[in-house]
Amino acid sequence: MKTRSSSAEAPRNSRPATGMKTVYLSLGSNLGDRAAHLEEAIRRLPDVGVVVRRVSSFYKTEPVEVRSQPWFVNCVVEAATELMPTRLLGALKSLERTLGRQPGTPKGPRPIDIDILLYENVVVQSPELEIPHSRLAERRFVLAPLTELAPEARHPVTERTVLEMLHETPDASAVVRMKDCRE
């Protein structure tokens, strides 16, 4: 699978079927064939009720919180789903396990990580799930690919656009767009 860029848009005026909600997911990997892990996760998202609409470029990204680990490859997916937020989280965690993710060091190395960034304009605050993602505005590795797909999308609490958050983030970690997903 070749990396899809922001130019790989859904046809104009195409809306998800009734009941489908637009979501933005962040995917990352820093173990093994990182790009292949992302590609496989993207390929299998429909198996768990998530219809992929667009995929950002892939980015090599510097680890942020636990720095002594391999660099990541990250991307963002725009998708549609009928799953409610908590069920979506469960489906994504199940997919992560299917793709080889095991419990380990929090924020440590992992073959795949899938996070819900935005779910329509919904706000969820629970012990197991926060939407929008609680550290969305603090993560350049999420904001750069999200800006490719939805620069004008607004954070439902702060009302800042994704582009504004990218320009204002205190995160100065390296985020480098990959020309080819095999770099």
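Derivation of every value follows stated rules applied to the coordinates shown; laboratory data play no part. Not measured: the values here are computed from a predicted model. Note that we place each Cβ from the backbone using ideal geometry, even for glycine, and neighbour counts take in every protein chain shown.
See the values below:
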{"read-out": "Extension gain from M20 to V66, taking 0.36 nm per residue of separation minus the Cα-Cα distance", "value": "13.0 nm"}
{"read-out": "Within segment 115-175, GluC sites (Glu not before Pro) in DSSP loop having at most 16 other beta-carbon neighbours inside 10 Å", "value": "E120, E128, E152, E159"}
{"read-out": "Separation in nanometres of the label points that stand 7 Å from Cα toward Cβ, at K179 and T161", "value": "3.0"}
{"read-out": "Debye, to nearest 20: dipole size of segment 21-177, +1 on Lys, Arg Cβ, -1 on Asp, Glu Cβ", "value": "340"}
{"read-out": "Distance (nanometres) between label positions extended 7 Å along Cα→Cβ at R43 and S94", "value": "2.1"}
{"read-out": "Spherically averaged projected area of segment 49-93 from its Cα convex hull (nm²)", "value": "4.1"}
{"read-out": "CD proxy at 222 nm, helix term only [per DSSP H run n ≥ 4: -39500 (n - 2.57); per residue of the chain; nearest 500]", "value": "-7000 deg cm²/dmol"}
{"read-out": "FRET efficiency for A172 and V123, using Cβ-Cβ distance with R0 set to 25 Å, rounded to 0.05", "value": "0.35"}
{"read-out": "Alpha-carbon gyration tensor eigenvalues x 5, square-rooted, for segment 21-177, Å", "value": "21, 20, 15"}
{"read-out": "Percent RCO, i.e. relative contact order, over the chain, from Cα pairs under 8 Å lying at least 6 residues apart", "value": "27"}
